[in-house]
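A short write-up of the structure that comes next.
The values are calculated or read from the model by the stated rules, or taken from the named source; none is laboratory data. Note that the structure is a prediction, hence the values are computed from the model and not measured. Here Cβ is always computed from backbone atoms with ideal geometry, including for glycine, and neighbour counts include all displayed protein chains.
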Amino acid sequence: MATVKKDDVFSISSFDPSKFQETLRDFAEKGAFQSKEAFAKMKVAAEDASKTVEATMQSAQAGTVELGLKAIDALRTNAENSFAHMEALLGVKSVAEFVELQTSFIRKQAEVTVEQAKAMQEASKKVVETVAKPAKTAAEKAMSSFKAA
């Protein structure tokens, strides 16, 4: 193994300014190139995130409208059933008829309520899946880019 002997620690005679300038230039060029690459990646990521948020918001808005319409439909159905029941109660002639009519109405309302709850649950599930889809896709894309890098 060869050892380099230095007589004077403060000697500048081995310093070559032309090589220093080239090294500094190479270092600056590499730094600028890496900065441009990093900026380009960040710009793409920001644009993707913006698109994801926009798609999510549009899906959420559409889902909210769908759920609202289902709720209005359920309210309308319940109101119509209640008015029909009230009209039927006006024609009651005996307590037995009243009890039978009331029991029938309660049973029918329970069935309708169960069906409405199932419909709302399915619609809510659909909305959640639709709203989550852009974020899920973006996350999968991000994870695949980490795996590739």
What number goes with the only condition from (1) loosely packed, with under 13 Cβ neighbours inside 10 Å; (2) over 30 Å from the mean Cα position of the chain (by Cα); (3) in a helix (DSSP H, G or I); (4) of a type outside the set (Ser, Thr, Tyr) that residue 78 does not pass?
(1)
May I ask you to list pairs of residues, at least six apart or on different chains, whose Cβ atoms are under 8 Å apart, with the first in region 96-121 being loosely packed, with under 13 Cβ neighbours inside 10 Å and the second being not polar (S, T, N, Q)?
none
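Look through 77, 64, 56, 103 and report the one residue that is among the β-branched types (Val, Ile, Thr) and within 30 Å of residue 37 (Cβ to Cβ).
Within the list 77, 64, 56, 103, the selection yields 56.
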Do we have residue 93 as among the basic types (Lys, Arg) and either assigned to a helix (DSSP H, G or I) or within 30 Å of residue 37 (Cα to Cα) (or both) here?
no
Has region 73-83 got any residue that is hydroxyl-bearing (Ser, Thr, Tyr), touching a residue at least 12 places away in the same chain (Cβ under 8 Å) and in contact with a Pro (Cβ under 9 Å, 6 or more places away or on another chain)?
no
Search region 130-143 for residues being small (Gly, Ala, Ser) and under 18 Å from residue 42 (Cβ atoms), and hand back the single one that is modelled with the lowest pLDDT.
142
